[in-house]
Amino acid sequence: MKRTRSAVLATTSVLALSLAACGGAESGGGSAAGGGEFTPRGDVTMIVPFGAGGGSDLAGRATATMIEAANADVNVNVENREGGSGAVGYSNFLGQAGDPETLLATETALLALPISGDVEFDYTDFTPIMKLGDDFTLMIVGADSPYQTCTDVVEAAKTERITAGISGITGLDNIVFTLTEQQAGVEFDRVPFESGGELTAALLGGQIDIASLNPGEIIGQLQAGEVKALCAYSEERYSDYEELADIPTAEEQGIDVAFAQFRGVLAPGGIDEAARQFWIETMQAAVETDEYQQYIEENYLQANTAAGDEFVEYLEGNNELLTQVLGG
Amino acid sequence: MLDNLVLGFSTALSVENLLWCFVGVLVGTVIGVLPGLGSTTGVAVLLPLTLSLEPVTGLIMLAGIYYGSQYGGTITSVLISTPGEASSVVTTLDGYQMARQGRAGAALSIAAIGSFVAAIISLALLVALAPPFAEFALDFGPPEMLAVMILGLATIISFAGDNRVLGLLMALVGLLIATVGVDPGSGTSRFTFGSIYLLSGIPFVEVMIGLFAVGEVLYQIRQGAAAPIRAGFRELMISREDLRRSGGPILRGSFLGFLFGILPGAGSTLASFMAYGIEKRVSKRGKEFGTGAIEGVAAPEAANNAAANANFVPTLTLGIPGGATTAVLLGAFMIYGIQPGPLLFDEQPTLVWGLLASFFIGNVILLFLNLPLAPVFAQLLRVPYGYMYPLILLTSLVGAYSITNGMYSVWVVLVFGIIGYFMKRLDLPMAPLVLGLVLGPLFEKALVQTSAIGDGNLLIVFTRPLALAVMAIAILQVAAPTIMARLLRRRATPRSRRSDPADSTPEGSSRG
């Protein structure tokens, strides 16, 4: 493991300080302090709206572990409710309104599904608790690709055909490619795949020119020199991770695009304020645990957290951007 | 490489690793037996329990669950026509018929032996030749996969039974059912009628449980309670004749399964169907297939096991999952703090070779576990059907519920149970429908991707050499029997043995 644990720890201890400042000095035991009268009755259920083994499942299970680490009185059971790219899980969660003993491991599908128009909920139907982190993507090409920067790719797209593999219409990769196209006035030809693994195989086999993948999905190939990362679609470089720190951001290369898949926790709509406060405080304690650190590092996330109202604000901004990309 | 194998075995043979390997294959067998609970779910659910173990030990156990469930899936397919795993659907066709004739023991034994031989062959190939095979697999882009899917569709003819048109119609119905859900190209929802449940399509495993398990029970109930099968112990044992007949099918199934297994996404289900189809063509007893031919159990069982092992080729050498379960296993690597990818063999030799060596050991354990147990399991059929039917219905429905933790799966099982009942009454062939359902999404994906890569031109299937080769085999498979029959008729030599020329073509195709 060549990760710079110290750097990550440094960043998050700053973060922890600022959180502690606004959160009201939580020191681990969430139930005893602050929040009010609420404590969960019995076991808490963490719904994962995707199948076992995927990125959402990992996030849900990690969140359950960190909640238990932060508050020994709370026991969290993870339950997978998959189907319809998350639609089934979120729709079921809609029916849990007012039940403060159920949480949901959320991500970008919370915004993308309502925009696609097939579901009856949107993010305002739920109670956002905590954003855990951001998973950005890197633009990846094969090792023998002629392109050295994202600018090269955009320039080339003006005169020739560039095939871009994507993992689905509402996928993060399709969103950043669409934003890039809008910025640069070019067009990529999409080839739809179903997962990061399939995209990696297609890149290695020379079936497609470019793909946009999460660092965690491609780090193995990257370290082996089988593929090249041209730029990161993130606001800032991955300076916490030694092996990714040299990758410039798209903005540095003149393409002003940064978009992340977020990971977070939702409570159902219609829960009372005491319960909301309890979960916000519990999650604020949870993101200070070693379990949280481990989750962030193993998945190459950027530890950008946002609690309660801040998370709501983030969702509002993100939703606007997504509507513009996917709705148009 | 010998050094590596020694290192691997010395790792895998430690007491702790042996123990967890045994636990893994045992749990895997049980998971395979339970309908609905496949290896993917099994590995994902048990993954957190392995976190306290050493990474290599945890992976050995998880991998044991994976290939153990390939053995387990067969048991219920044969005994009660309820496939525990998607890849053992084909086994029900002849396996269940054998059980009805009192030969369940032989069917289960040959499944265990076939799986074992296939595992050893595919592991030898994996150990010796994984990197070149992985490179080969990467050459299979969308156009090549499209050709493979066309080859798969061509196999339907083998499943059509006596009435070819009816078989093709049922395959078409399967393909149509597969179109429900979100279109992979544009993201538009099709035939979902506003239901969020239909967005991800009609789920394959539930359909299978409905058609085969529930449909069969309903049909049997209408027939009046069948007498329990009272076979003597001797009949339950596998005979020398059975073994002799199964040798060829197992070998062909193993190599075919391996080839399909290294292609990411094609998977063991398709491999088992292809192996059955080819065997039916090749075998002198082709006509007996579907009525309890042991070849029809041996070939697909060998193929699905070989494919399951071959899935590890892209997984270990490239860090790209070969199938759904290996994708979860890759997730396990990450949780243990091990980065899968091309450097894995260099950076983690103890882990990789220990894992590979454990595959050999695990398969030996499975063989010794399953061979003596085959006649014992077969004795279960002595239970009167009055007790058996409710039990099958119950496990089917509970199994369905456990897939997605919701009632939707249960409804799908019930609806397809009723459909299955009527299909049996009307004597409509089910296998083509299932194959259409399996191939539908894969075929569509390859079609959309090929069209995108070729900028709308699908003819690139004929201009890329590898794709062209596969297409040629597909065309041969459809055309060969007709051409051969015509040639033979023209010659009309009285002593011409029809099976010989028919033998050579499809056998060649199994190597393609």
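The values are calculated or read from the model by the stated rules, or taken from the named source; none is laboratory data. Bear in mind the structure is a predicted one, so any value in this text is a computation, not a measurement. Every residue, glycine as well, gets a Cβ built from its backbone with ideal geometry; the counts of neighbours run over all protein chains shown. Please note that ligands, DNA and RNA were not included when accessible areas were found on the heavy atoms of the full protein model with its side chains. Shrake-Rupley method; radii C 1.70, N 1.55, O 1.52, S 1.80 Å.
Results, tabulated for the structure shown:
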read-out	value
Amide H within-cut-off set for A:Thr137, under 5 Å, with H built and near neighbours excluded	A:Tyr233, A:Phe259
Distance (nanometres) between label positions extended 7 Å along Cα→Cβ at B:Val383 and B:Leu468	5.7
Rounded Å value of the spacing that divides the Cα centres of segment A:256-291 and segment B:1-41	38
C-alpha center-to-center spacing [segment B:239-278, segment B:86-151] in angstrom	4
Expected 222 nm ellipticity per residue - DSSP helices of 4 or more, -39500 (n - 2.57), all of chain B, to 500	-24000 deg cm²/dmol
Ratio of Rg to Rh over segment B:1-137 (Cα coordinates, Kirkwood Rh, two decimals)	1.03
Length-normalised contact order of segment B:258-394 in % [C-alpha pairs under 8 Å, at least 6 apart]	21
Whole-percent carbon and sulfur share, accessible surface of chain A, 1.4 Å	45
Magnitude of the charge dipole, chain B, Cβ model with Lys/Arg +1 and Asp/Glu -1, debye to 20	2200
Rh by Kirkwood over Cα pairs, then Stokes-Einstein D for chain A at 1.306 mPa s and 10 °C, µm²/s	78
Size of the B/A contact, given as accessible area buried on both chains, probe 1.4 Å, in Å²	3300
Cβ-placed point charges (K, R +1; D, E -1), dipole of the protein assembly as shown about Cα centre in debye, nearest 20	6220
Kirkwood Rh, Cα atoms: Rg over Rh of segment B:290-334	1.21
Label-point separation, A:Leu321 to A:Glu235 (7 Å along Cα→Cβ), nm	0.9
Calculated FRET efficiency for the pair A:Asp309/B:Phe191, C-beta based, R₀ 35 Å, to 0.05	0.25
Nonlocal amide H pairs with B:Arg190, under 5 Å, H built at 1.01 Å	B:Gly181, B:Val182, B:Asp183
Convex hull volume per residue for the protein assembly as shown, taking Cα atoms only, in Å³	164
0 to 90° range, to nearest 10: angle between helix A:150-159 axis and chain A longest Cα axis	50
Share antiparallel - DSSP beta bridges, the protein assembly as shown, percent rounded to 5	60
Contact order relative to length of chain B, as percent, for alpha carbon pairs under 8 angstrom and 6 or more apart	27
Cα shape, segment B:238-383, gyration tensor, a/c 1.5 rule	prolate
Computed lengthening from A:Thr39 to A:Glu79, 0.36 nm per intervening residue step minus Cα-Cα distance	12.3 nm
Length added when fully stretched, B:Leu19-B:Arg489, from 0.36 nm per residue minus Cα-Cα	163.1 nm
GNM flexibility winner over chain A from A:Ala164, A:Ala224, A:Ala184 (Cα, springs under 10 Å)	A:Ala224
Per residue accessible area in Å² of the protein assembly as shown, where ligands, DNA and RNA are left out and the probe is 1.4 Å	38
Cα gyration tensor category, rounded, prolate or oblate, for segment B:343-490 with a/c compared to 1.5	oblate
Approximate spin-label separation A:Glu160-B:Leu371, in nm, with each point projected 7 Å along Cα-to-Cβ	5.9
Value of [θ]222 nm, deg cm²/dmol, for chain A, DSSP H segments ≥ 4, -39500 (n - 2.57) each, nearest 500	-12500 deg cm²/dmol
Anchor A:Lys158: aspartates and glutamates whose Cα lies under 13 Å away (excluding residues fewer than 8 positions away in-chain)	A:Glu181, A:Glu187, A:Asp189
Farthest toward positive dipole pole in the protein assembly as shown [+1 Lys/Arg, -1 Asp/Glu at C-beta], among B:Leu414, A:Gly42, A:Ile175	B:Leu414
Distant-in-sequence amide H partners of A:Met130 (H built 1.01 Å from N, under 5 Å)	A:Val265, A:Gly308
Residue-wise HN-Hα coupling along segment A:216-233, computed from phi with Karplus coefficients 6.51, -1.76, 1.60 (Hz; x: Gly, Pro)	x, 7, 10, 4, x, 5, 5, 5, 7, x, 7, 9, 10, 9, 8, 7, 10, 7
16 Å cut-off, amide nitrogen to a point 7 angstrom out along B:Phe345 Cα→Cβ, residues in segment A:219-238	A:221, A:224-226
Segment A:138-253 - Rg (one decimal) and Dmax (whole number), Cα, Å	12.9, 37
Peptide ranges A:275-281, B:168-174, B:463-469 listed from the most packed, as the mean C-beta count within 10 angstrom indicates	A:275-281, B:168-174, B:463-469
Note, ³J(HN,Hα) from phi for segment B:361-368, Karplus 6.51, -1.76, 1.60, rounded to Hz, x at Gly and Pro	4, x, 5, 5, 4, 4, 5, 5
Nearest-0.05 FRET efficiency for B:Leu166 and B:Ser239, computed from C-beta distance (R0 41 Å)	0.75
With every protein chain in place, chain B: carbon and sulfur % of accessible area (1.4 Å)	68
10 Å Cβ neighbours from other chains, averaged over peptide B:318-327	5
Potential lengthening between B:Leu7 and B:Ile221 on full extension [0.36 nm per residue; Cα-Cα distance subtracted]	71.4 nm
Proximal charge balance of A:Gly196 [Cβ under 10 Å; K/R count +1, D/E count -1]	-4
P(r) tail fraction, chain B - alpha-carbon pairs more than 45 Å apart, %	9
